[in-house]
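J.: After the structure tokens below, expect a handful of questions from me.
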Amino acid sequence: MRAQYPISAKVYFRNEIESADGFLQTTQGCSHNRCVFCTYFKDQPFRKATIEEIEADIREMPAYFGAPKRIFLQGADGFAADYDVLMRTAELLRYREMVTRAF
Ligand code: SF4
């Protein structure tokens, strides 16, 4: 996602067992963003990535993540992306054989 707030601007917490997995931002920020205990995305407006942004990120993924077995859709709720965008993202990931078990 070519965003005002690149993914590298935040510290994402990863379990050790997920260290070989990839990240792909289909959304940015949190669509809810009203939990009183959470400030994690307060400085980021919510938005959905365009399919063009996602395609560009998928092309760049091998340089950052190699060939991960799993890819986590990111933003606080990556599945808040539009249905057609999620379906196209799944097709692109499968076509590029970047994932073996996801979806
Ligand atoms: S990221 Fe999670 S905990 Fe934080 S505001 Fe959004 S839904 Fe709530």
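Readers should treat all values here as calculations from the given coordinates under stated rules, not as data from a laboratory. Remember, predicted model here, so these are calculated numbers, not experimental data. In this analysis, Cβ positions are derived from the backbone assuming ideal geometry, glycine residues included, and neighbour counts consider all displayed protein chains.
J.: Viscosity 0.692 mPa s, temperature 37 °C: give me the Stokes-Einstein translational D for the stretch 19-102 in µm²/s, with Rh taken as the Kirkwood radius over C-alpha pairs. List each step's numbers first, then the result.
T.: Working: Rh = 13.3 Å.
D = 246 µm²/s.
J.: What's the FRET efficiency of I17 with A67 using the Cβ-Cβ distance as r and R₀ = 22 Å, to the nearest 0.05? Each step should come with its number before you reach the end.
T.: On the way: r = 17 Å, r/R0 = 0.79.
In this case the efficiency is close to 0.80.
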